[in-house]
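A.B. asks: For reference, the structure I am asking about is given below.
The values are calculated or read from the model by the stated rules, or taken from the named source; none is laboratory data. Please read these numbers as outputs of a predicted model, since none were measured by experiment. Counting neighbours? That spans all protein chains shown, and the Cβs are built from the backbone with ideal geometry, glycine included.
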Amino acid sequence: MNIVTIVGARPQFIKAAPVSNALRKNHSEFLIHTGQHYDENMSRLFFDELGIPAPDVNLEIGSGPHGEQTGRMLVGIEKILLEKKPDLVLVYGDTNSTLAGAIAAAKLQIPVAHVEAGLRSFNRDMPEEINRILTDKISNLLFCPTKTAVDHLHKEGITTGVHQTGDVMYDAALHFAGLADKKESILAKLGLERKHYLLATCHRPQNTDDEQALTGIVEAFIESGETVVFPVHPRTRVFLKKFGLLEKMKQAENIMPIEPVGYLQMLQLEKFAKKILTDSGGVQKEAYFYKVPCITMRPETEWVETVQDGWNILTGSDKQKILHAITGFSPTHEQKNHYGNGKASEKIAEILNAM
Ligand code: UD1
Ligand code: UDP
C-alpha cells in the first residue's frame, strides 16, 4: 500500500517512530511534516535522535491562529495528496496537523487511519477535543489505545473500522528505554539526584494563556520548596515572559527552567523524578509507565485509567491543590495493564497488511 503519513508536532514525531518502523516492512510511506513545530529542539532533534525517517516534505507552515494554521496546512497537504494519490492517509493524535490531514484526505475520498482515536476530555474549550471529534468522524480506520477509547467511539455510533491496538506511546517508551539509559545523563548535567526533584511540564492554553492559572502554577512550584526541573515549551515561554513569571522563577532558588529536552533525556528525567507535574497527555502516561506519581494540572484527563488506578491526581491550576498534591499525594493501588503489550505499532501494521 502507498501510505501518506502526516505529522507536525513533538508528540507525533515520537508516536511515528515505532509505527513508521513497523509499516515500512510491507508498505511504502511518504512522510509529510506540516512544520507546525519547527524549533530545533521541538522537531529536528526527535528525527535525529529516534532514527525517524526524514520527512519527504516539510510544508513549513509554522505558528498562527487556528483557522489560518489549519487552512494553510489543508492547502499544502491537498496538493501533495492529489499528486501522490495514496491508498491511505495516516494521522496521529489531536493537533491541527491531524485535522488538516484528515479533512484533506476525506474530501479526496482517500481512506483515513487515525492513530490514538477515541480519546475524549469532554471539554470542548480544548482545541484538541474539536480536532479529535472531527478526525474520528471522518476516519475509516480508528486505532484506539485503550478500551475506554473504543467505548467512547461506540457511544458516538462509530463502530466500523475500530480496533483496540494498545498505545503506541507505550511502544516508544519501551523501545527507547535502553537508548535513554545509554544517553549522556541529564541528571548529572543538571546536578540532580535521583528521586530528589520534581519534573514539570506545562503547555495547555488553559494554563499558559491565562495569567491567573499560570501564576498559580508557578507559585505552587516556588512555594513547594522542592527542586523543580521545568523544560519550558515555547508557547509557555511566551506567556511566562508576558506575565513576568520567568523572572520570578529565575529568582527562586528551587526552580530550574530549562529548554525543551530530547525524548531520551526526557525519559531519564521522568524515570528518576520523585513526582511529575504536567498538563501533557504523553507525560501523564510516561509517569504511569515509570510508576512515578503524577499530578495533572488540569480539571480533567483523557487518560482516566491513570487516575482510576490512583497513580494520577487532577488539581487544575489551583495553587493550594497543587501544593497539597506535592506533599500529600501518593499512589496506593497496583497498576493494571491498560495500554497494551508494547506491540501496538505491529498490530496496526498487521491490520494494514490484511487490507
Ligand atoms: C500543539 C497542539 C497540542 C499538543 C502540542 C504538543 C494544536 C491545536 N495543539 O500545541 O495538542 O499537545 O502541540 O507540544 O495543534 N512555538 C515555537 N516554536 C515551535 C513551536 C511552537 O516558538 O517550534 C510557539 C509559538 O509561539 C506558537 C506556540 O508555541 O504560537 C504554540 O504552538 P502551536 O503549534 O500552535 O501549539 P502548541 O501549544 O505547541
Ligand atoms: N517531551 C520531550 N521533551 C520535553 C517535553 C516533553 O521529549 O521537553 C516528550 C514527552 O516525553 C512526551 C511528549 O514529548 O513523549 C509529549 O509531548 P507534549 O507534552 O508536547 O504533547 P502532548 O502529549 O500533551 O500532546
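A.B. asks: What pairs can you find where one residue is in the stretch 239-261 and without any contact (Cβ under 8 Å) to a residue 40 or more places away in the chain, the other is in a strand (DSSP E or B), and their Cβ atoms are less than 6 Å apart, with a gap of 6+ or different chains?
C.D. replies: Matching pairs, first to second residue: MET249/ILE255; MET249/PRO257; ILE255/VAL228; PRO257/PHE230.
A.B. asks: Here's a follow-up. With the stretch 158-231 as the region, which strands (runs of 3 or more DSSP E) entirely inside it contain at least 3 residues that are among the aliphatic types (A, V, I, L, M) and within 21 Å of the chain's Cα centre (by Cα)?
C.D. replies: Output list reads 198-200.
A.B. asks: Let me ask you something else. Among the residues of the stretch 198-206, are any modelled with pLDDT of 95 or more, surrounded by 15 or more Cβ atoms within 10 Å (Cβ to Cβ), out of contact with any Pro (no Cβ under 9 Å at 6 or more places or on another chain) and not basic (Lys, Arg)?
C.D. replies: Yes, the stretch 198-206 has at least one match.
A.B. asks: Within the set of pairs 6 or more residues apart or between chains, which connect a residue that is closer than 22 Å to TYR92 by Cα inside the stretch 282-301 to a residue that is surrounded by fewer than 21 Cβ atoms within 10 Å (Cβ to Cβ) with Cβ atoms less than 6 Å apart?
C.D. replies: Cβ pairs passing all conditions: GLU300/SER121; GLU300/ASN123.
A.B. asks: If I filter the stretch 299-310 down to residues being within 16 Å of ligand 1 (Cβ to nearest atom) and surrounded by fewer than 23 Cβ atoms within 10 Å (Cβ to Cβ), which single residue comes out as nearest to LYS336 (Cα to Cα)? Spell out how you get there, then give the answer.
C.D. replies: Filtering the stretch 299-310 down to residues within 16 Å of ligand 1 (Cβ to nearest atom) leaves 300-303.
Keeping just the survivors that are surrounded by fewer than 23 Cβ atoms within 10 Å (Cβ to Cβ) gives 300-301.
Values: GLU300: 20, THR301: 18 Å.
The qualifying residue nearest to LYS336 (Cα to Cα) is THR301.
A.B. asks: Scan the stretch 193-201 and give yes if some residue there is within 14 Å of ligand 1 (Cβ to nearest atom) and either acidic (Asp, Glu) or closer than 18 Å to HIS324 by Cβ (or both), otherwise no.
C.D. replies: Checked against the condition, which is being within 14 Å of ligand 1 (Cβ to nearest atom) and either acidic (Asp, Glu) or closer than 18 Å to HIS324 by Cβ (or both), the stretch 193-201 yields no hits at all.
A.B. asks: Separate question: Sort out for me the helices (runs of 4 or more DSSP H) sitting completely within the stretch 1-99 that have 3 or more residues that are buried (at least 22 other Cβ atoms within 10 Å of the Cβ).
C.D. replies: Per the criteria, 10-23, 66-84.
A.B. asks: Now, a different point. With respect to GLU211, determine if the residue is surrounded by fewer than 20 Cβ atoms within 10 Å (Cβ to Cβ) and either within 16 Å of ligand 2 (Cβ to nearest atom) or more than 21 Å from GLY64 (Cα to Cα) (or both).
C.D. replies: It is false that GLU211 is surrounded by fewer than 20 Cβ atoms within 10 Å (Cβ to Cβ) and either within 16 Å of ligand 2 (Cβ to nearest atom) or more than 21 Å from GLY64 (Cα to Cα) (or both).
A.B. asks: Another question about this same structure. May I ask you to list the residues in the stretch 278-333 that are among the aromatic types (Phe, Trp, Tyr), in a loop (DSSP other than H, G, I, E, B) and over 22 Å from LEU214 (Cβ atoms)?
C.D. replies: Residues satisfying the conditions are TYR290, TRP303, TRP311.
A.B. asks: Same structure, new question: I'd like the residue in the stretch 252-277 that is part of a strand (DSSP E or B) and either of a type in the set (Ser, Thr, Tyr) or over 18 Å from the mean Cα position of the chain (by Cα) (or both) and, out of all such residues, is surrounded by the fewest Cβ atoms within 10 Å (Cβ to Cβ).
C.D. replies: ILE258
A.B. asks: Kindly indicate whether MET73 is in contact with a Gly (Cβ under 9 Å, 6 or more places away or on another chain), more than 15 Å from ligand 2 (Cβ to nearest atom) and closer than 16 Å to VAL112 by Cβ.
C.D. replies: Yes, satisfied.
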